[in-house]
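Beneath this line is the structure, given in structure tokens, with notes to follow.
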Amino acid sequence: MSKTKSADGSIDIGVSAAARARIARGLSALLADSYTLYQMTHNFHWNVTGPHFNSLHMMFMGQYTEQWNALDIIAERIRALGHPAPGTYKEFVKLASIKEVDGVPQATKMVRHLVEAQEATARTARSLFPLVEKAHDQPTADLLTQRLEVHEKTAWMLRSLLET
């Protein structure tokens, strides 16, 4: 049987210390993408203008609120695996696959940026499945499934706004 405890013997949840470290690194990237997406969506909520202002303003508020709540869930899973969660802008910029948007884009471009960011966050979540499945880490797999459902549905809804 493989050893599952950390060096100080404090964690024995059936997932090896090495697997927990790899999963925590992956979840840290997901947290960074999620935080960057949250910040982008909130920024667009504040700054959207144009004929669809009210509907986009309200939609973005629902999306950034959902993202805000997800941040805690992801960070707490990292902590449950015995690792510190990243929590600074510097760390998030380094870990995120999503790049910040300069300036204040026009509303349609905001929607395009958000589609790309939702899809990028979904890809980051999906990339962790082989690792968590190999480690038999069902709680992380469940978290990833829930996040994927949100990001894929939100990307679809945003893409629908771009159809003519």
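Neighbours of Leu143 by Cβ distance under 12 Å: Lys/Arg scored +1, Asp/Glu scored -1, total -3.
Restricting attention to the chain, lysine pairs at least eight places apart or on different chains and with alpha-carbon atoms under 29 angstrom apart total 11.
Take the Cβ atoms of Glu91 and Asp142, set R0 to 22 Å, and the FRET efficiency comes out at 0.30. Within the set (i) 20.0, 58; (ii) 17.4, 63; (iii) 15.2, 50, the number that Rg and Dmax of the Cα atoms in Å takes when calculated for this structure is listed as (ii).
Going from the residue with the fewest nearby Cβ atoms within 10 Å to the one with the most, Leu128, Leu27, Leu114 rank Leu128, Leu114, Leu27.
We did not get these values from a lab; they are worked out from the coordinates using the rules stated. Keep in mind it's a predicted model, so treat the numbers as computed, not measured. Cβ sites come from the backbone with ideal geometry, for glycine too, and all protein chains shown count toward neighbours.
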